[in-house]
Amino acid sequence: MNWKLRYNRVSLGVVLGTLGPFLGFWFYYFITLMGGQMKHTPMGFVHFVMNTPSVQSPVVSLSLIMNLALFFFFIWKKMDLAARGVLTMTMFAWAPLVVYLKFH
């Protein structure tokens, strides 16, 4: 069986669309750490973001770039069902969270 047929599932896209922004969050942390902008430990950074409402929406928005990369990877590999799952999680779970954090 071809690996594309085996992994071209909406459920795979939903799972990766849920976990992708967490990985994007850690990429964002390490980029800001290497840039010299942060002097926090990883958990200190998480607490900083959780306790500072003005940075929550931008950090979550930047973390969603990982979903964009996943979506285009699946489109490039012609795995449309998995891309649909990533798009579903982005539109119906993450985007409302960003809007809520922005206007709360």
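The values are calculated or read from the model by the stated rules, or taken from the named source; none is laboratory data. Computed from a predicted structure; not experimentally measured. Cβ: placed from backbone, ideal geometry, glycine included. Neighbour counts: every protein chain shown. Accessible surface areas use protein heavy atoms only, side chains included; no ligands, DNA or RNA. Shrake-Rupley method; radii C 1.70, N 1.55, O 1.52, S 1.80 Å.
Brief remarks on what is shown
Here's the yes/no breakdown for (1) in a loop (DSSP other than H, G, I, E, B); (2) in contact with a Cys (Cβ under 7 Å, 6 or more places away or on another chain); (3) surrounded by 15 or more Cβ atoms within 10 Å (Cβ to Cβ); (4) among the β-branched types (Val, Ile, Thr):
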position	(1), (2), (3), (4)
SER11	no, no, no, no
PHE22	no, no, no, no
TRP94	no, no, yes, no
VAL98	no, no, yes, yes
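- Beta carbons closer than 9 Å, at least 6 apart along the sequence or on distinct chains, pair a first residue in the range 54-78 that is closer than 13 Å to GLY13 by Cβ with a second that is among the charged types (D, E, K, R) and open to solvent by 40 Å² or more (accessible area, probe 1.4 Å) for PHE74/ASP80; PHE74/ARG84; LYS77/LYS4.
- In the range 1-13, the residues that are touching a residue at least 24 places away in the same chain (Cβ under 8 Å) reach residues that are crowded, with 17+ Cβ neighbours inside 10 Å and in a loop (DSSP other than H, G, I, E, B) with C-beta atoms within less than 9 angstrom, at least six apart or across chains, in these pairs: LYS4/MET79; TYR7/MET79; ASN8/MET79; ARG9/MET79; LEU12/MET79; GLY13/MET79.
- Among residues of the range 93-104 that are touching a residue at least 60 places away in the same chain (Cβ under 8 Å), those with a beta-carbon under 9 Å from a residue that is surrounded by 11 or more Cβ atoms within 10 Å (Cβ to Cβ) and outside any helix (DSSP H, G or I) at least six positions away or on a different chain give the pairs TRP94/LEU64.
- Any hit, the range 25-43, residues being touching a residue at least 12 places away in the same chain (Cβ under 8 Å), not polar (S, T, N, Q) and not in a helix (DSSP H, G or I): no
- All of (1) buried (at least 17 other Cβ atoms within 10 Å of the Cβ); (2) of a type in the set (Ser, Thr, Tyr); (3) at pLDDT 95 or above hold for SER63 with one exception: (3).
- If you go through the range 66-77 and pick out every residue that is modelled with pLDDT of 95 or more and farther than 18 Å from LEU23 by Cβ, you end up with 2.
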